[in-house]
1. Only one of these conditions is not met by residue A:387: (1) within 23 Å of the chain's Cα centre (by Cα); (2) not assigned by TED's automatic domain parsing to the domain that holds residue A:313. Which number is it?
2. Would you check if there is a residue in region B:267-284 being within 12 Å of another protein chain (Cβ to nearest Cβ), within 17 Å of the chain's Cα centre (by Cα), crowded, with 22+ Cβ neighbours inside 10 Å and at pLDDT 95 or above?
3. Give the residue that is nearest to residue A:55 (Cα to Cα), with candidates limited to residues of region A:398-431 that are within 14 Å of chain B (Cβ to nearest Cβ) and out of contact with any helix residue (DSSP H, G or I) (no Cβ under 8 Å at 6 or more places or on another chain).
4. Return a yes/no flag: does region A:235-247 have any residue that is free of Cβ contacts under 8 Å to residues at least 60 places away in the same chain, surrounded by fewer than 20 Cβ atoms within 10 Å (Cβ to Cβ) and assigned to a loop (DSSP other than H, G, I, E, B).
5. Which of (1) outside any helix (DSSP H, G or I); (2) surrounded by 18 or more Cβ atoms within 10 Å (Cβ to Cβ); (3) within 14 Å of another protein chain (Cβ to nearest Cβ) does residue A:222 not meet, given it meets every other one?
6. Among the residues of region A:194-210, write down those that are buried (at least 18 other Cβ atoms within 10 Å of the Cβ), within 13 Å of chain B (Cβ to nearest Cβ) and more than 16 Å from residue A:177 (Cα to Cα).
7. Report the residue count in region A:372-397 for those that are more than 14 Å from every other protein chain (Cβ to nearest Cβ), outside any loop (DSSP other than H, G, I, E, B) and touching a residue at least 24 places away in the same chain (Cβ under 8 Å).
8. Does region A:399-414 contain at least one residue that is in a helix (DSSP H, G or I), in contact (Cβ under 8 Å) with a residue 12 or more places away in the chain and under 24 Å from the mean Cα position of the chain (by Cα)?
């Protein structure tokens, strides 16, 4: 019976309206909608969704509690495995994880696990006092580098165990990629991110912004002079890649990181703020991931005609399906199987267009995706005045350069065990700094594993 | 929230102010050649500024600012005792000579060429070399005598100070480049390295001049930046045909390899936005030329 109910659709801002503002696209479920959607869950004996969740949240159990209307119990179940449900519910690629393996998805639509997780997370932010857990301080100090998903998750768990945790953040605002990268329309900063961080403050976690570990202080000093027993590195993958094609240093070519940082962190879209942003009339975003979608939708909201150029086909787009769908609804043009070969400039050195070549798909490459091959003689030009490169990012080499005994691999990622132990004693790492650019949920999971490992390490000392 | 207190404010010249900021962590780690990023308040831009001095014992860092746009003006309306929202650093790599052994430094002859507010970041470099027993000549260029800054401080730490003003109101009348030529050709001075810090256009012409004498020349680039930690890439610069990020690979580069025309064009990226991020390095100074 339960599976006869169609998936409860979620209310969203009208595409034509939201393409002109930065308010959140999706409104989320209300209580009634959440309970109805929760009632669709079959409560499988062998829940495939749990296995498909990177942190193995007991999904049927929390959904069952939603159906009963016991949101506090649902929240407690999620909290066993995830510390940021209102964030992960919004940004996880559920179609490849929990929802992608939901049995209901075979014949109809999977349970909207992400939207239900978000519902519980938001309910908990509204109704629960996270800081009310009383913790006995154990007197040990741990430093966490970076206030993104892995750092916040690690700090949260350590604080609950009684550690004296200080989080060091290089930027002036806390949240890492949640703040500088993911736009407001996908993840509200004040309503969600700031409140998650406030919860950590209530747990006793200290935060120091404007500290670039590796420059302002070093890991060696934190451990030798400031008395930190262990350090967790959650510094993410912040270095943008460029293509290395002609014209990349023309005025009007920016990394997605720069474009999004100006818009999100520096709030360049708001006239009250001093930071400028340049969108021109027509923006081309190169890339097909979530960051590319965020950049192109931001450009659209700032008034530019905005298109995506991606070298493979739509099926290979690495972005979440929901983001692609939302982008299309908002009027973003997608040019698939197209690869830029040069950026063209005017006589003053500003972008005037993009030279591209058509691609076709060949044999699968090592990533399992069919590799794009240039079609000879298919060159063409796209007129534009801004080109945004969204080609991925890699970890910042600063910590490796300034920390004795901290090893990285060929791609610049910190070498760490599954539990997060690095090659330097007492130093742990997790998230994008270890894996290269990945997802919020994986980073959060890594932060929590490392918290456990740090606890064991300090207790064994 | 952590805030950074202004412990001293002084007007150095028209529209040029010195601010000494309480920032113990930055002061403890700062070395010559590095910079900070300053954000005056919640709405402010992140403005990169080179460090003009630092005092580890006091826990203070000195910056020198020319008021050009919104952010620098806002910063200079603050007074002693006021706080600025953010002060992060030290960023970028220190000058190469701080990594040299006393053996390597011994007998090296440096010529520093400073233009406009670029004189301020020259000071800690010259001071450091002086403290390590290295002889340094310094040329300070400005449009006119009243625009000169840091002359007395510099005098105390360098071997020879030469002042060049466009109008001849003090010192040599003419561009810093003409002074370089005079020192080398007329006075027969010999240098192992030139370090030029000032407006891009001045640095460009200094490098063109020193190239004639095959004098290795280091420049400190004041590119546009947002985060200053390698994240945004706004500060991309072509050096020897390769792209570098000024914030993490610089700010000092081999001046003879820098594509200055591109660097100047890139500095103007946001000029039409009527924001100051673009204009902040657009010093009204004519201390360059051939």
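The values are calculated or read from the model by the stated rules, or taken from the named source; none is laboratory data. Here the structure is a predicted model, which is why all the values come from computation and not from measurement. Reconstructed Cβ throughout: ideal geometry from the backbone, glycine too, with neighbour counts over all protein chains shown.
1. (2)
2. So far as region B:267-284 goes, no, none of its residues is within 12 Å of another protein chain (Cβ to nearest Cβ), within 17 Å of the chain's Cα centre (by Cα), crowded, with 22+ Cβ neighbours inside 10 Å and at pLDDT 95 or above.
3. Just the residues of region A:398-431 that are within 14 Å of chain B (Cβ to nearest Cβ), to begin with: A:398-402, A:412.
Checking the rest, the ones that are also out of contact with any helix residue (DSSP H, G or I) (no Cβ under 8 Å at 6 or more places or on another chain) come to A:400-401.
Numbers: A:400: 28, A:401: 32 Å.
Step by step, filter region A:398-431, then rank; the result is A:400.
4. Initial filter on region A:235-247 (free of Cβ contacts under 8 Å to residues at least 60 places away in the same chain): A:244.
Imposing the further condition that a residue be surrounded by fewer than 20 Cβ atoms within 10 Å (Cβ to Cβ) reduces the set to A:244.
Those still in the list that are assigned to a loop (DSSP other than H, G, I, E, B) too: A:244.
Looking through region A:235-247, at least one residue is free of Cβ contacts under 8 Å to residues at least 60 places away in the same chain, surrounded by fewer than 20 Cβ atoms within 10 Å (Cβ to Cβ) and assigned to a loop (DSSP other than H, G, I, E, B).
5. (1)
6. A:207, the sole residue that qualifies.
7. Narrowing region A:372-397 to residues more than 14 Å from every other protein chain (Cβ to nearest Cβ): A:372-384.
If we keep only those that are outside any loop (DSSP other than H, G, I, E, B) too, we end up with A:372-374, A:380-383.
Checking which are touching a residue at least 24 places away in the same chain (Cβ under 8 Å) leaves us with A:372, A:374, A:380-383.
Final tally of qualifying residues: 6.
8. Taking region A:399-414 first, the residues in a helix (DSSP H, G or I) are A:399-402.
Checking which are in contact (Cβ under 8 Å) with a residue 12 or more places away in the chain leaves us with A:399-402.
This time we only want the ones that are under 24 Å from the mean Cα position of the chain (by Cα), so: A:399-400.
There is at least one residue in region A:399-414 that is in a helix (DSSP H, G or I), in contact (Cβ under 8 Å) with a residue 12 or more places away in the chain and under 24 Å from the mean Cα position of the chain (by Cα).
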